[in-house]
Amino acid sequence: MQNKIVLLFLFLNACLCNAQNPWLQSKGKVLLSPSISHYYTDSGRDEYGNKSDFSENGFYENYVYKLYLAAPIVANKLSLVANVPYVKSTYQNDTYFSENNELGDVEVGVKMHLKKIGEYHYLMGGLNTVIPMYNNDKGPYVGFDKFGTELSVNISGNFEWMNVNKNYHQLEFGVKTFFANGPYQFKLYGSQAYRITNKFLVLGSATILLSRGDDFSVSGDESTIVNPDFIADFDIIKTTVNFGYEFSPKFAIYAGGFTDVWNRNISIGRGWQVFSVIKL
């Protein structure tokens, strides 16, 4: 099961940013969101859903330090977005220890306004490029070491019946392709936030990720690599709850936890995250 553990980091790294920028940026406004997250797994499920623990009391964990940025290209119409992660990952069991610290998959792209839907909802689209900033010459691997691209559509807005000033939500569908020969990943993400007080918010989300592709190997020194093979065919359903506090209209801090509620052919993960939203 060890050869599957890296994929959950790829998934977490892609999903964390969704909660941080549901809107496009106005002229002269830049959004920054530094974050730290911790992911842990010591078990997984096979292609039939059967659960098993890693051998020899093994476990994998990582800490991801990331900076998310959004800046206007055309105010309220087109924004530049970027994610830059730095990953500290560890695999350990009774007889083996491996640690790797390096940059991960940087994502750079655009988010654009497509159409206003009714009075309180907006349809947006996104296009991102995935740029690996590492070499798979040491384990645990950070990622596929492949370039990729992701196309997404997003509906964001407010429910009038929940008081438009006290809630926001979004629903996003995305397709990501890695070059060459995949894998191909399909993501459905939904979130709902509610303002409990003027300063205190709660944000819940759920994500479904389906990955399809032929299993493949990556080169490297197998004496130092825990996961020499990647599994391209897997499914995940993940839930997250965050609580936020707005110190001012330009600065807020969120903290929460996440866990898998269902998976197939991949590790079972859980963890926590802390991030801030800074509007310049």
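How much net charge surrounds VAL74 when only the other residues with a Cβ under 15 Å from the Cβ of VAL74 are counted, with Lys and Arg +1 and Asp and Glu -1?
So the environment of VAL74 carries a net charge of +4.
Pairing the Cα long axis of helix 6-16 with the longest principal axis of the chain, what angle in degrees results, from 0 to 90 and rounded to the nearest 10?
Roughly 10 degrees between the two axes.
What range in the chain is the longest one free of GluC sites (Glu not before Pro) that are in a loop by DSSP and have at most 13 other Cβ atoms within 10 angstrom?
That gives 120-221 as the longest site-free run.
Carbon and sulfur atoms: what percent of the 1.4 Å accessible area of the stretch 99-203 do they account for?
Carbon and sulfur: 61 percent of the exposed surface of the stretch 99-203.
What size of dipole, in debye to the nearest 20, comes out for the chain about its Cα centre when the only charges are +1 on Lys and Arg C-beta atoms and -1 on Asp and Glu C-beta atoms?
1780
Evaluate E = 1/(1 + (r/R0)^6) for ASN135 and PHE173, where r is the Cβ-Cβ distance and R0 equals 35 Å; express this FRET efficiency to the nearest 0.05.
Taking R0 as 35 Å, the efficiency between ASN135 and PHE173 is 0.60.
By the scheme Lys and Arg +1, Asp and Glu -1, what is the net charge of all other residues having a beta-carbon under 14 Å from that of SER205?
After counting each charged neighbour, the total is 0.
Between VAL106 and residues 5 or more places away or on another chain, which pairs have amide H atoms under 5 Å apart, with H built 1.01 Å from N, and which residues are they?
So VAL106 has HN proximity to ILE131, MET133.
For the stretch 55-181, what ratio Rg/Rh do Cα atoms give with a Kirkwood hydrodynamic radius?
A ratio of 1.11.
In whole Hz and in residue order, list the ³J(HN,Hα) couplings for the stretch 98-107 that follow from phi through the Karplus curve 6.51 cos²θ - 1.76 cosθ + 1.60, θ = phi - 60°; x for Gly and Pro.
9, 9, 8, 10, 6, 4, x, 7, 7, 10
Show me, for the stretch 80-91, the HN-Hα J-couplings you get by feeding each phi into the Karplus relation (A = 6.51, B = -1.76, C = 1.60, θ = phi - 60°), rounded to Hz, glycine and proline as x.
Residue by residue, the stretch 80-91 yields 7, 10, 8, 10, 10, x, 10, 10, 10, 10, 9, 10 Hz.
Okay, which of the stretch 24-63 sit inside 20 Å, backbone N to the point 7 Å along the Cα-Cβ direction of SER276?
29-38, by backbone N distance to the label point.
Farthest toward the dipole's positive end in the stretch 31-279, which of THR240, ALA193, VAL87, given Cβ charges of +1 (Lys, Arg) and -1 (Asp, Glu) about the Cα centre?
Towards the positive end, the residue furthest out is ALA193.
Once amide H atoms are placed 1.01 Å from N in the peptide plane, what residues at a sequence separation of 5 or more from ASP145, or on another chain, have their amide H within under 5 Å of its amide H?
none
What percent do you get for the relative contact order of the chain when only Cα pairs under 8 Å and 6+ apart count?
That works out to 20 percent.
Count charges around ASN128 for me, please; just the other residues with Cβ under 11 Å from its Cβ, Lys/Arg as +1, Asp/Glu as -1.
-1
Return the distance in nm (one decimal) between the two label points of a simple spin-label model at SER43 and LYS166, each offset 7 Å from Cα along Cα→Cβ.
Taking the simple label geometry, SER43 and LYS166 are separated by 4.0 nm.
How do THR239, THR207 rank by accessible surface area computed with a 1.4 Å probe, from largest to smallest?
From most exposed to least exposed: THR239, THR207.
Give the accessible surface of the stretch 31-279 per residue, rounded to a whole number of Å², with probe radius 1.4 Å and ligands, DNA and RNA excluded.
It amounts to 47 Å² per residue over the stretch 31-279.
Take the eigenvalues of the Cα gyration tensor for the chain, scale each by 5, and report the square roots as semi-axes in whole Å, largest first.
33, 20, 18
Just to check I understand the Karplus step: with θ = phi - 60° and J = 6.51 cos²θ - 1.76 cosθ + 1.60, what whole-Hz values come out for the stretch 134-143, glycine and proline as x?
Ordered by residue, 3J(HN,Hα) equals 8, 10, 7, 10, 8, x, x, 5, 7, x Hz.
The values are calculated or read from the model by the stated rules, or taken from the named source; none is laboratory data. Predicted model only: the values in this text are computed from it and were never measured. Neighbour counts run over all protein chains shown; Cβ positions are idealised from the backbone, glycine included. Accessible surface is based on the protein model in full, side chains and every heavy atom, while ligands, DNA and RNA are left aside. Shrake-Rupley method; radii C 1.70, N 1.55, O 1.52, S 1.80 Å.
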